[in-house]
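Working notes, beginning with the structure itself.
The values are calculated or read from the model by the stated rules, or taken from the named source; none is laboratory data. Everything numeric here is computed off the predicted structure, so don't read it as measured data. Because the Cβ atoms are built from the backbone with ideal geometry, glycine has one as well, and the counts that use them run over all protein chains shown.
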Amino acid sequence: MNSVNVEELNVLVRVTPTGDRVLIIFDKDETVTTSGILLANVANTSKNTGTVLAVGDFEGIRVKPGQRVIFEKGMGSRFMKSHTAKNPVGLSYTAQHELVLVPYFDIIAIMEG
């Protein structure tokens, strides 16, 4: 699951969906071993959950930024977006995010909790 600061990431990403489109950041597919080692699973390309970052101007959209959603697999336009940031110690790093623009009607559920 992502720990996403929606407002901060929206400023950095600078993508505004139009119409019935919804901008979603994919959940990271990570596993933590019993010894605390973080393993990123790069082989899974069929992710279909994420956090809403922004919504288009279509009046019928019922999801809001910050909500986690499930959407149809293989739907939408996927792309990567990078930005440079500083960690709490002041060191610069480049963060890369996998995003998708999906039609609102391809969102099949809102995840609670």
With (1) closer than 23 Å to residue 96 by Cα; (2) modelled with pLDDT of 70 or more; (3) part of a loop (DSSP other than H, G, I, E, B) as the list, and residue 53 as the residue in question, which single condition is left unmet? (3)
Could you please find all residues in segment 79-106 being surrounded by 14 or more Cβ atoms within 10 Å (Cβ to Cβ) and under 19 Å from residue 6 (Cβ atoms)? 81, 83, 97, 98, 99, 100, 101, 102, 104
Please state which of the following conditions residue 39 fails to meet, knowing it meets all the rest: (1) at pLDDT 75 or above; (2) of a type outside the set (Ser, Thr, Tyr); (3) not in a loop (DSSP other than H, G, I, E, B). (1)
Of 81, 64, the only residue that is modelled with pLDDT under 95 and in a strand (DSSP E or B) is 81
